[in-house]
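The values are calculated or read from the model by the stated rules, or taken from the named source; none is laboratory data. Being a predicted model, the structure only gives us computed values, none of them experimental. Cβ coordinates were reconstructed from backbone atoms using ideal geometry, including for glycine residues, and neighbour counts include every protein chain displayed. In case anyone asks, the SASA skips ligands and DNA or RNA and just uses the protein heavy atoms, side chains included. Shrake-Rupley method; radii C 1.70, N 1.55, O 1.52, S 1.80 Å.
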Amino acid sequence: MEVLLSIPDDLVKYIEYIPDDVLPELLIDMVKRDILGRHDCNSRDEPSIKSQQDLSKIFELLQQAQDSSRFNTVQQTQQNSVNEFIETEIEEQETVILSQLNIQDTEEMGDLMDLLK
Amino acid sequence: MYCLRGLTIDNGGSEVRLLPLDGTVKEGMQKMLNDFVRIDRKNFRVKETDDKFGLCDIIKAPKQDYLGILARGTTGKLYNGESIVLSNTKTNNVNYYRQFVYDVARDAVLAHIKGVQENDCVKKKSFFSKVLGLPDESNEVIFDYVITTCIPIKEHSGANDCVAMLKGNLAGEYEVKFPLYSEDIIKFRIRKEYLGVVPEGGVAMTGLRKEVGPDDFSLLVDMGHVTTDLSIFKGTTLYGKVASPQWAGATLIANVRSALADVGCFLSEEEVANTIQTGLVPDGKKDKDVSSIVREQKKMFVQNYLKSEIKQLLNVNALNENQIRNVVPIGAPMNSGSKTGSIVQHIINDCSFENAEVKRLSEDLRYVNVEQASVFTKLLYKKAEQEASEQTA
């Protein structure tokens, strides 16, 4: 039996935001429903089975879900209180007083001459 | 006889900055509080004051509304004048133009006193007049101004042609007197083709032109006294929509003033503005340290006002915080002290600009706009000089 399973666009787009303990179950559920649904399929066209390729893709996603550190980031963000913020040191750029540079002509300004009206 | 003069003007809600061509921010720039009053001519009489240039009588101007007596500072306080204030929209406000005329007049009278008329312009003109057998008009000097000024980015780039309105409202011949100083009449003219207008905040991109890639997104936060202008640039080009929430320096000052009053420190607005920078309140012989209050208020200002506006600006322009490469702070409240904290730091943290660098374009962030705009004044002046020498030839 060939099973052609297409992953919904929404799932593909937001997969990184789905917690890793939910994603495997979600995908398995999709596969199960699809297979069970096709068991009752009355269509004249038998769905072609590329089960090996499709299932490989699914397992790849599952593997990524378990390994990906993005999920850890999502979990961490969800756990943090919204009132907390991360104190990070931002290195400020060295101050350069650029207006003191000797600008010879408008060509040096390039597109910035459009600022002058 | 026309005598070229270059001037950069930043007429802000709290302070006016006049940077002559031959001056720098540290030396030569005039800074004045924006506390203008208009005095009824029938109520005027000469009074003693330290600032004799604090009162100007505009006797000839292209618009009737500009005529009259303007005063400011300690001189203005000597008279019962009507306070003239700027609104959050400059170019359709007659008070903005009145102040502008005063700004130019003040520069002109100082140039007059410095003896510009006794230097190159007059001597050369007088010499050539004699050689060519022409009437010597060197005694009458008219200052021919080359000016660059800044207006809010939403007016500079908005649907209405505010720039054309500004030029149309200011171009013309003027005659002014400073009666507390002398009876000399100072003459100057402003020409449309040598009146350059650049966007506040946006002009800062001139300083970053070699530091940003063409696809780099930069967030400019120009925190003035009346409005905070938020804009995004892609490379050096304005990108998408801008925002100008009316929560700015005045709001911060009011909040800090209120918080200080709660702990028994009652200060004027001017004193609070100073406290925001220093974290100290004068208290007899020893200053009182209120830096923790200032730090807290800066933090709350970003959380309560700016954060949502910045997030909304990103959404409207279909950007996320990770795409912002630079945050460019402008304006007095953006100056940070080691004790009083940093608004730009709170913006970085609260808005999660983890990939962004802070680009400071001046030692004192109050002067970013006037410094960067002066680049354009120099270029315009060069063009005017060239035209003048071609005409002489």
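Counting only residues 5 or more places away or on other chains, whose amide H sits under 5 Å from the amide H of B:F143 once H atoms are built in the peptide plane?
B:C3, B:K187, B:F188, B:R189
If the elastic network links every pair of Cα atoms under 10 Å, which of B:N80, B:N326, B:N169 fluctuates the most in the Gaussian network model of chain B?
Checking each option, the largest mean-square fluctuation is seen for B:N80.
Can you give me the Cα centroid spacing of the stretch B:35-55 and the stretch B:318-342 in angstrom?
40
If I model a spin label at B:M300 and B:E269 as a point 7 Å from the Cα along the Cα→Cβ vector, what separation in nanometres do I get?
2.0
Note the buried accessible area between A and B here, summed over both chains, with a 1.4 Å probe, in Å² to the nearest 100. Could you put the intermediate results ahead of the total?
Values: alone 10610 and 18490 Å², together 26210 Å².
Separately minus together, A and B give about 2900 Å² buried.
With the crude spin-label approximation of a point 7 Å out along Cα→Cβ, what separation in nm comes out for B:T278 versus B:D184?
About 3.7 nm separates the two model spin labels.
If you build a Gaussian network model of chain B, linking Cα atoms that sit under 10 Å apart, which residue out of B:D283, B:D144, B:D51 swings the most?
Checking each option, the largest mean-square fluctuation is seen for B:D283.
How much accessible area per residue does the stretch B:290-347 have, counting only protein heavy atoms and a probe of 1.4 Å, in square angstrom?
Per-residue value: 38 Å².
Over the stretch B:280-393, what percent of the accessible surface lies on carbon and sulfur atoms, probe 1.4 Å? Show your work: numbers first, answer last.
Values: 2200 of 5130 Å².
That share works out to 43 percent.
Taking a 30 Å limit on the Cα-Cα distance, which of the listed pairs B:K339/B:K359; B:K234/B:K339; B:K114/B:K382; B:K285/B:K307 fall beyond it? Provide the component values of the computation, followed by the final result.
Working: B:K339/B:K359 21 Å; B:K234/B:K339 34 Å; B:K114/B:K382 22 Å; B:K285/B:K307 39 Å.
Going by Cα-Cα distance, B:K234/B:K339; B:K285/B:K307 fall outside the 30 Å limit.
What is the spin-label model distance, in nm, from A:T106 to B:N315 if the labels are put 7 Å beyond Cα along the C-beta direction?
Output for this residue pair reads 4.2 nm.
What number, rounded to the nearest 500 deg cm²/dmol, is the helix-based mean residue ellipticity at 222 nm of chain B, given -39500 (n - 2.57) per DSSP H run of at least four residues and division by all its residues?
Values: 11 runs with 129 residues, N = 393.
Roughly -10000 deg cm²/dmol at 222 nm, from the helical runs in chain B.
Can you divide the C-alpha Rg of the stretch B:255-393 by 2.2 N^0.38 Å and report the result to two decimal places?
1.43
Could you tell me which residue out of B:V94, B:G13, B:H112 lies farthest along the dipole of the stretch B:1-123 toward its positive end? Charges go on the beta carbon: Lys and Arg +1, Asp and Glu -1, centred on the Cα centre.
Checked the options; the winner is B:V94.
With point charges of +1 on the Cβ of Lys and Arg and -1 on the Cβ of Asp and Glu, referenced to the Cα centre of chain B, which listed residue (B:S352, B:L306, B:Y194) lies farthest in the positive direction of the dipole?
B:Y194
When the accessible area of each residue in the stretch B:333-374 is compared between its chain alone and the complete protein assembly (1.4 Å probe; ligands, DNA and RNA ignored), which residues differ by at least 40 Å², being lower in the assembly?
Buried by 40 Å² or more upon assembly, which counts only protein chains, are B:Q345, B:N349, B:V358, B:R360, B:E371.
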